[in-house]
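Inspection log for the structure reproduced underneath, given as structure tokens.
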């Protein structure tokens, strides 16, 4: 089982989520938990679609970190 980095961003109408290693794999939700549930499903469907089409499934490669601003 692969673990992909998900970026969550708040917006004026709710939350969005996307997966940098899976271009086009996005989700939105009314709150962060809703966006998280949606992106879980989106990742599953995205990977299923790639496999069904015989396309390359990207390996997770994006990392994250936190930088403290001065």
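Readers should treat all values here as calculations from the given coordinates under stated rules, not as data from a laboratory. All figures in this text were calculated on a predicted structure; none of them were measured in a lab.
Structure notes:
- Note on the chain: Rg/Rh from Cα positions, Kirkwood definition for Rh, rounded to two decimals, is 1.03.
- Look at the alpha carbon pairs under 8 Å that are at least 6 residues apart: their mean separation over the length of the chain gives a relative contact order of 28 percent.
- Top of 34, 21, 13 by mean-square fluctuation, Gaussian network on the chain, Cα under 10 Å: 13
- Extension gain, residue 32-residue 13: 0.36 nm per intervening residue step, less the Cα-Cα distance, totals 5.7 nm.
- Max mean-square fluctuation residue, GNM over the chain, Cα-Cα springs under 10 Å, options 27, 44, 16: 44
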